[in-house]
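The values are calculated or read from the model by the stated rules, or taken from the named source; none is laboratory data. A quick note: this is a predicted structure, and the numbers were derived from the prediction, not measured. Virtual Cβ from ideal backbone geometry, glycine too; neighbours counted across all protein chains shown. Just so you know, the surface numbers come from the protein's heavy atoms only, side chains and all, with ligands and any DNA or RNA stripped out. Shrake-Rupley method; radii C 1.70, N 1.55, O 1.52, S 1.80 Å.
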Amino acid sequence: MELTANALTVLEKRYLKKVDGQVVETPEEMFRRVAENIAQVELRYGASAAEAEKLANRFYTLMTSLDFLPNSPTLMNAGGDLQQLAACFVLPVEDSMIHIFDAVKYAALIHQSGGGTGFSFSRLRPKNDIVRSTGGVASGPVSFMKVFNSATEAVKQGGTRRGANMGILRVDHPDIREFITCKAENNEITNFNISVGLTEKFMEAVEVDEEYDLINPRTREVVGRVPAGEIFDLIVDMAWKNGEPGIIFLDRLNQDNPTPALGEIEATNPCGEQPLLPYEACNLGSINLARFVVARDDQPSVDWERLREVVHLAVHFLDNVIDASRYPLPEIDAMVKANRKIGLGVMGFADLLIRLGISYNSEEAVRCAEELMGFIQAEARECSAQLATVRGAFPNFGSSIYREGRPLRNATTTTIAPTGTISMIANCSSGIEPLFALCHVKNVLDGEKLLEINPVFEAEMKARGLYTKELMEKVAEIGSLHGVDGIPDQVARLMVTAHDIDPEWHIRIQAAFQRSVDNAVSKTVNFRHDATREEVARVYWLAYREGCKGVTIYRDGSRESQVITTGSGQSEASLPQVAAAAESSVVRLVKPRPRPEETRGITKKYKIGGCGSLYVTVNADDDGICEVFTNTGEEGCESLSEAVGRLVSIALRAGLDPEAIIDQIKGIKCIGCIVDNETRVLSCPDAIGKALEKFLNGHNKFDLNITRGPRSVLQCPEEGCGGFMVHENGCYHCTTCGYSKCG
């Protein structure tokens, strides 16, 4: 197998079988375990043991070639004790205390098994509504979301995946304002992505600047009317501020609901690509498009015949996964096997475009997306129909939208998922996203820095005779080819990154794929930091008119760093731009973020002359270093060290670069201090500076925000990793080790 060092890291940390914390499985053994487990399903449909073994070999080759990979739970759990293979589930949340806490319990079981969960909270009565059984008043959907969030925090997904949720509320719910703003602070409801469920009526009311009805879900009565434009602007404003909420178009989800007789679709999985009915689950898998470019007459083209073969084998694999999986609830088992939804998608689209010589932000790329996904959709349906002739149609076929046509084995066959970690295993670009970076510097322990280069970019630059180490370092510093001297225009147009591309092209590509996808498309629309709210609104309208089923946007640096407004009120900047603002003598006011409820860190003991022992504690949370405090012991004077610690803590939570703080306080001398030969501490401030520096150089598991070129980048919190985090679809994932966190 051709696995990169990063792929091996991801596999060892999250996928390969362990005994007492030690890896006891090779990647080849993992793929063999999965292939044989999934192929055993053939025996249930009359195949011989020899036929099942032959199919297992084909599944093994399918995965080890990196042409196709299934979703993470399948790789982790197939052939193991857990045997829960589905990626995502939707659970109902009905308007009673019993049903609400049943959903909390079920979600905990799903998270423990490695799955993510989606919920619609739209059926819950609004805040301050009557509760007849107690004579009290209701607390509303957002309060119960916090209960779900706390339960998720308490459950670690089998030690391999963090809990992830999607929370959705209809735009006509009376508590919609509270929901839209419930994640205004980044430390609130941190285990949820949230999306507002928009209706056609609402969008039409926004378009003509009218009011729309708010409806109490308990009584179905209209309880108020509000200007639609006001709510739309609030959604835009919050998304501009920190990327949430996203939006989904509920009526469009239900236009493509294959089984409307079973009810309406109200929710999706955590990244939004899989609309599901209550108790449905879906297993996903993705084809690595980068592997399907061949040369014909010295021109690159798509190998359509081999792609057809892989689509058919992948659909067969995913259909088998449904039967092989062990589901956490009997209701889920029944629903999944009645509809048999699968989600075949793609990854490596950006790599494929580069190898074909097509710019991501071009009409040619839009046509390529339509042609590719149209082909995959048609072949996936064909394979599903062929399976139905042997195994039978999905049990709810007779009441489905397909009932007059050719029987199908699966109610849905296609989905575009994010593919964060499986694309790292396959060494390709994620989903249908553009490249995030061409190359970047990875920080490792002891201050060592390693240059990591996108393999497609590296190959192209070498083929064109443009590759030099100095050029790669320059590109890593800037973040893209934009503004790099000596790069031909053709190369610069081809090698675009997410932030080189105007947001409209992100939507055009998403819509092109959506036209041939049964379910939905997971895609992040990237905005530069200086994007305006009006630009976000334009993208929402474009997505609406282009037929997308939902939109997730992310404005660079909006979540990782505190946004500040200059004194003139005419321009806005992120904290990395503070120095530039200072040159123009602009007054800046920055409000520190609140101290988090939970922090983790290190404590270092220093000897400081007459003050005796000084204990310096440096703490961080998932957003970076957040506080320093000191204790001098019985003989010491605490006032100075405590004051310095408090000021440093405020500066850190206001977003000041820790390196700048270290530069200011490290080396300060105190006449009364005796230099300790071991620690070489010159004063209390010097000790604090040295403790901060020690934390940054290898002890920081919750690293700080840094800036490379035009992008704000969050470093990975995994010990010893040093890779950078990419924000996609409301989730972070590390490009080096595969660490991920949603919400």
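Got a sec? Which residues in the stretch 25-45 would a label at residue 17 touch, if it sits 7 Å along Cα→Cβ and we count backbone N under 19 Å?
Residues 25-41 fall inside that zone.
Once you order the gyration tensor axes a ≥ b ≥ c over the Cα atoms, which shape class does the stretch 129-226 get: rounded for a/c under 1.5, otherwise prolate or oblate by comparing a/b with b/c? Don't skip to the answer; put the middle values down first.
Details: a/c = 2.76, a/b = 1.48, b/c = 1.87.
It is oblate, given that a/c is not under 1.5 and a/b is not larger than b/c.
Over all directions, the average projected area of the alpha-carbon convex hull for the chain comes to how many nm²?
On the way: hull surface 145.8 nm².
Its Cα hull, projected and averaged over all orientations, spans 36.5 nm².
If the viscosity is 1.002 mPa s and the temperature 20 °C, what Stokes-Einstein diffusion coefficient in µm²/s follows for the stretch 279-354 when Rh is the Kirkwood radius over Cα pairs? The partial results should precede the final answer.
Values: Rh = 14.2 Å.
Answer, rounded: 150 µm²/s.
Using 7 Å Cα-to-Cβ label points, what is the residue 51/residue 650 separation (nm, one decimal)?
7.6 nm
Only helical DSSP H runs with n ≥ 4 go in: add -39500 (n - 2.57) per run for the chain, normalise by residue count and round the 222 nm mean residue ellipticity to 500 deg cm²/dmol.
On the way: 24 runs with 276 residues, N = 743.
Here the helix-only value at 222 nm equals -11500 deg cm²/dmol.
Skipping prolines and chain starts, which residues have an amide H placed within reach, meaning under 5 Å, of the one on residue 281, given they are 5 or more residues away or on another chain?
For residue 281, whose amide H was placed from the backbone, the distant partners under 5 Å are 336.
Could you order 253, 471 so the one with the most accessible surface comes first? Probe is 1.4 Å. Walk me through the numbers before you get to the answer.
Details: 253 5, 471 30 Å².
So, going from the largest accessible area down, we get 471, 253.
Roughly how many Å is it from the Cα centre of the stretch 53-83 to that of the stretch 392-440, as a whole number?
Between the Cα centre of the stretch 53-83 and that of the stretch 392-440, the gap is 16 Å.
Percent of alpha carbon pairs in the stretch 194-301 separated by more than 23 Å? Mind showing how you got there, number by number?
Numbers: 2879 of 5778 pairs.
Result for the distance tail: 50 percent.
Report the equivalent ellipsoid semi-axes for the stretch 86-189 in whole Å, largest first, defined as the square roots of five times the eigenvalues of the gyration tensor built from alpha carbon atoms.
Each semi-axis is √(5λ); the values are 25, 15, 12 Å.
Cα to Cα, under 16 Å, and not fewer than 8 places away if on the same chain: which aspartates and glutamates meet these conditions relative to residue 694?
446, 448, 627, 657, 659, 663, 678, 686, 703, 719
Just how much of residue 106 is accessible, in Å², when a 1.4 Å probe is used and the result is rounded to the nearest 10?
That residue has around 40 Å² of solvent-accessible surface.
I'd like the FRET efficiency for residue 639 and residue 188, computed as 1/(1 + (r/R0)^6) with the beta carbon distance as r and R0 of 45 Å, rounded to 0.05.
Numbers: r = 35 Å, r/R0 = 0.78.
My answer for the efficiency is 0.80.
Treating the angle as unsigned and between 0 and 90°, give the value, to the nearest 10°, between the Cα long axis of helix 5-14 and the longest Cα principal axis of the chain.
Computed tilt is about 80 degrees.
Would you mind calculating the relative contact order of the stretch 307-434 from Cα pairs under 8 angstrom and at least 6 residues apart, reporting the percent as a whole number?
36 percent
If N is the number of residues in the stretch 337-465, what value comes out of its Cα radius of gyration divided by 2.2 N^0.38 Å? Walk me through the intermediate numbers first.
Details: Rg = 20.1 Å, N = 129, 2.2 N^0.38 = 13.9 Å.
Taking N as the residue count of the stretch 337-465, the ratio is 1.44.
Radius of gyration and Dmax for the stretch 1-63's Cα atoms, expressed in Å?
Cα-based Rg and Dmax for the stretch 1-63 come out at 13.9, 42 Å.
Report the net charge of residues surrounding residue 523, where surrounding means a beta-carbon distance below 9 angstrom and charges are Lys +1, Arg +1, Asp -1, Glu -1. Please list the in-between numbers first.
Values: positive: none; negative: 273, 433, 728.
Counting the neighbours of residue 523, the net charge comes to -3.
As a test of reading the structure, rank 323, 500, 489, 298 by solvent-accessible area (1.4 Å probe, protein chains only), most first. Walk me through the numbers on the way to the answer.
Working: 323 15, 500 45, 489 110, 298 145 Å².
In descending accessible area the options line up as 298, 489, 500, 323.
For residue 664 and residue 468 in one chain, what is 0.36 nm times their gap in residues minus the Cα-Cα distance, to one decimal in nm?
Values: separation 196, 0.36 × 196 = 70.56 nm, distance 3.67 nm.
Computed gain between residue 664 and residue 468 is 66.9 nm.
If the limit is 30 Å between Cα atoms, which of 469/605; 241/462; 18/54; 13/523; 469/523; 105/341 go over it? Mind showing how you got there, number by number?
Working: 469/605 42 Å; 241/462 40 Å; 18/54 28 Å; 13/523 26 Å; 469/523 32 Å; 105/341 24 Å.
Table pairs above 30 Å Cα-Cα are 469/605; 241/462; 469/523.
In 10 Å bins starting at 0, how do the alpha-carbon pair distances of the stretch 1-140 split up by percent?
Result, from short to long distances: 10, 28, 24, 16, 12, 8, 1 percent.
Given axes a ≥ b ≥ c from the Cα gyration tensor, I'd like to know whether the stretch 228-377 is rounded (a/c under 1.5), prolate (a/b larger than b/c) or oblate.
Here the stretch 228-377 falls in the oblate category.
Between residue 458 and residue 298, what FRET efficiency follows from the Cβ-Cβ distance if R0 is 25 Å, with the result rounded to 0.05?
On the way: r = 22 Å, r/R0 = 0.88.
So, using R0 = 25 Å, E works out to roughly 0.70.
Can you run phi through the Karplus equation (6.51, -1.76, 1.60; θ = phi - 60°) for the stretch 237-246 and list ³J(HN,Hα) in whole Hz, with x for Gly and Pro?
Those phi angles translate into 4, 5, 5, 4, 6, 8, x, 9, x, x Hz.
What's the longest bit of the chain with no exposed trypsin sites (Lys or Arg not before Pro), using DSSP loop states and at most 13 other Cβ atoms within 10 Å as the test? All intermediate terms of the calculation are to be shown ahead of the outcome.
Values: sites that count: 132, 156, 220, 326, 403, 464, 669, 680.
The segment 465-668 is the longest one with no such site.
Using 19 Å as the cut-off for backbone N distance, which residues of the stretch 56-89 belong to the label zone defined by a point 7 Å from the Cα of residue 386 along Cα→Cβ?
Flagged as within label range: 56-63, 67-69.
For an R0 of 41 angstrom, estimate the FRET efficiency from the Cβ-Cβ distance between residue 538 and residue 613 and round to the nearest 0.05.
Working: r = 60 Å, r/R0 = 1.46.
After rounding, the FRET efficiency stands at 0.10.
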